[in-house]
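The values are calculated or read from the model by the stated rules, or taken from the named source; none is laboratory data. What you are looking at is a predicted structure, and each value in this text was computed from that prediction instead of being measured. Cβ atoms come from the backbone with ideal geometry, glycine included; neighbour counts cover every protein chain shown.
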Amino acid sequence: MHGLYDGEFAGFKVATSTELDTALREAVVTVDANVLLDLYRFRPQTSQDLIKTLSGLGDRLVVPHQALREFWRRRQRTQDSPRSATKAANEALAKPNRAIHDALALWAKAVGADDDELSELTGQVDSFFDTLKNKLQQALPDSDASHGEDPILEQLETILAGHVTSPLEPDEWAECVAEANRRIEAGEPPGYMDAGKQDGDLPEGSAGDYLVWYQATRHAKERDRDLLIVTRDQKEDWWWRQQAKLIGPRPELASEYHELTGRRLFLMLPTDLLARASVLKVEVDQKSSADAGRELTTDSVSAFSALRHGLTLDEEERELNRELDAIEKSARAQGWKIRTRSDTAFRLVARNGDRYSFPIGSAAETRDRLRSFSQQLADTGLRLPQMVLNPVNEEAN
């Protein structure tokens with residue numbers, strides 16, 4: 001006879017708070033690339049608290065080789081993102097500054113204000129915007145990668161020494177990529193939400209998540225321990241959801257790990273890891289967990305891009321869909337096929353069978369990239385409307 005969570009039902013057991021604490025104390029704990037990259041996105045105190053917490057895991061901390069590969073691919077761009085956001089904010093602030101100057105000049109003419117009075121008012125405006133810019137600049141980290149100064153890397157070098165899994169042998173790696181592609185086609189977790197990366201330039205295509213999963217689970221199996229994966233990824237191919245609430249790993253993944261090892265699988269967000277840091281006898285700032293829980297994507301920079309285009313984010317999204325619709329309509333009319341049109345990818349097949357793939361991200365950033373992709377299509381002979389070839393109008397209202 002069997003019980004409620006035996007056999008194929010093992011994955012449906014939801015971890016209690018006590019079980020999560022136990023996992024944090026005893027399980028193999030693996031982190032993905034985003035957790036490491038977040039060290040560059042968090043406020044300095046949060047980054048230091050996360051580093052202390054990871055260090056507190058001791059020899060149970062492990063980083064899959066694939067995760068470290070993704071970290072190095074994206075580190076420079078992520079490290080620069082606070083400066084990019086600050087630059088974008090300054091550019092966005094410049095527009096209302098100019099508008100206020102123009103409004104004051106018109107007002108002065110209308111009411112007959114003299115030059116001294118106008119100069120005093122515009123000086124106050126400039127002083128206000130200068131104060132804002134200084135505040136934005138002060139929020140930037142002190143490190144300077146151009147001079148080799150990166151305290152985060154220095155600390156990671158210490159705590160990750162001997163904690164990264166070995167790279168897979170070529171044959172095993174190829175088998176994993178094939179299995180990942182099979183899962184994507186079948187809609188099996190993990191990784192099927194990254195289907196848009198299949199035609200990208202990465203050697204593993206869209207198999208990155210599965211490679212992380214494979215390397216983490218095999219390492220934990222060798223150590224005969226439960227596995228706790230810390231990830232900022234909240235996509236449905238990792239998490240079991242009840243509406244917006246994340247209640248644990250996908251039952252399929254928990255069952256797969258249980259079948260592989262007889263052990264349990266746990267998932268945790270960085271914000272929850274910091275909230276439970278005391279379990280490891282690590283003291284962290286009370287604000288760090290909340291900081292780790294804020295949305296950390298390119299959306300902030302994209303929002304500034306939208307402002308630069310003179311649009312709201314919703315309007316930017318509508319413009320992107322209108323432009324993709326125009327490309328799709330033109331392509332179909334000229335005998336091309338649309339292979340994929342999703343939230344993450346737009347793929348076309350030319351009449352001669354050549355394939356073209358375009359990854360889709362945030363609307364503002366995607367619209368900027370769409371111009372070069374449209375030109376690439378036009379260079380093949382595909383006739384496209386000028387609206388998708390001209391630069392995005394940054395002065396649109």
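Residue under question is Val284, and the condition is that it be in a helix (DSSP H, G or I), modelled with pLDDT of 80 or more, of a type in the set (Val, Ile, Thr) and outside the structural domain of Phe358 (by TED's automatic domain parsing); does it hold? Spelling it out, it is not the case that Val284 is in a helix (DSSP H, G or I), modelled with pLDDT of 80 or more, of a type in the set (Val, Ile, Thr) and outside the structural domain of Phe358 (by TED's automatic domain parsing). If you check Leu118, Leu68, Leu93 for being surrounded by 13 or more Cβ atoms within 10 Å (Cβ to Cβ), modelled with pLDDT of 80 or more and more than 22 Å from the chain's Cα centre (by Cα), only one passes: Leu118.
Condition check ((1) closer than 22 Å to Ile184 by Cβ; (2) aliphatic (A, V, I, L, M); (3) touching a Gly at 6+ places or on another chain (Cβ under 8 Å)) across all residues:
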residue: Glu328; (1), (2), (3): no, no, no
residue: Ala333; (1), (2), (3): no, yes, no
residue: Lys337; (1), (2), (3): yes, no, no
residue: Ser342; (1), (2), (3): yes, no, yes
residue: Val349; (1), (2), (3): yes, yes, no
residue: Gly353; (1), (2), (3): yes, no, no
residue: Tyr356; (1), (2), (3): yes, no, no
residue: Ser362; (1), (2), (3): no, no, no
residue: Glu365; (1), (2), (3): no, no, no
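Restrict the check to the range 374-384 and report whether at least one residue is in a loop (DSSP other than H, G, I, E, B), modelled with pLDDT under 90 and either under 30 Å from Tyr192 (Cβ atoms) or among the polar types (S, T, N, Q) (or both). No, the range 374-384 contains no residue that is in a loop (DSSP other than H, G, I, E, B), modelled with pLDDT under 90 and either under 30 Å from Tyr192 (Cβ atoms) or among the polar types (S, T, N, Q) (or both). Filtered by the rule that a residue be assigned to a loop (DSSP other than H, G, I, E, B) and in contact (Cβ under 8 Å) with a residue 12 or more places away in the chain, the range 1-41 gives Lys13, Val14, Ala15, Ala27, Asp32, Arg41. Confirm whether Gly205 is on the phi > 0 side of the Ramachandran plot and either part of a loop (DSSP other than H, G, I, E, B) or hydroxyl-bearing (Ser, Thr, Tyr) (or both). Answer is yes for this residue.
Restricting Lys235, Lys221 to those that are surrounded by fewer than 21 Cβ atoms within 10 Å (Cβ to Cβ) and touching a Ser or Thr at 6+ places or on another chain (Cβ under 6 Å) reduces the list to Lys221. Evaluating Asp343 against the criteria (1) part of a loop (DSSP other than H, G, I, E, B); (2) under 22 Å from the mean Cα position of the chain (by Cα); (3) modelled with pLDDT of 90 or more leaves one unmet condition, (3). When each of Gly200, Gly187, Gly191, Gly148 is tested for being surrounded by fewer than 18 Cβ atoms within 10 Å (Cβ to Cβ), at pLDDT below 90 and under 18 Å from Leu253 (Cβ atoms), the lone residue that passes is Gly187. Annotation: of all residues in the range 215-233 being assigned to a helix (DSSP H, G or I) and touching a residue at least 60 places away in the same chain (Cβ under 8 Å), the one that is farthest from Pro190 (Cα to Cα) is Arg223.
Can you tell me which of Ser278, Ser255 is out of contact with any Gly (no Cβ under 9 Å at 6 or more places or on another chain) and either part of a helix (DSSP H, G or I) or surrounded by 19 or more Cβ atoms within 10 Å (Cβ to Cβ) (or both)? Going through Ser278, Ser255 in turn, just one is out of contact with any Gly (no Cβ under 9 Å at 6 or more places or on another chain) and either part of a helix (DSSP H, G or I) or surrounded by 19 or more Cβ atoms within 10 Å (Cβ to Cβ) (or both): Ser278.
Condition first: farther than 30 Å from Pro359 by Cα and free of Cβ contacts under 8 Å to residues at least 60 places away in the same chain. Can you find one or more residues in the range 178-201 that meet it? Checked the range 178-201: no residue is farther than 30 Å from Pro359 by Cα and free of Cβ contacts under 8 Å to residues at least 60 places away in the same chain.
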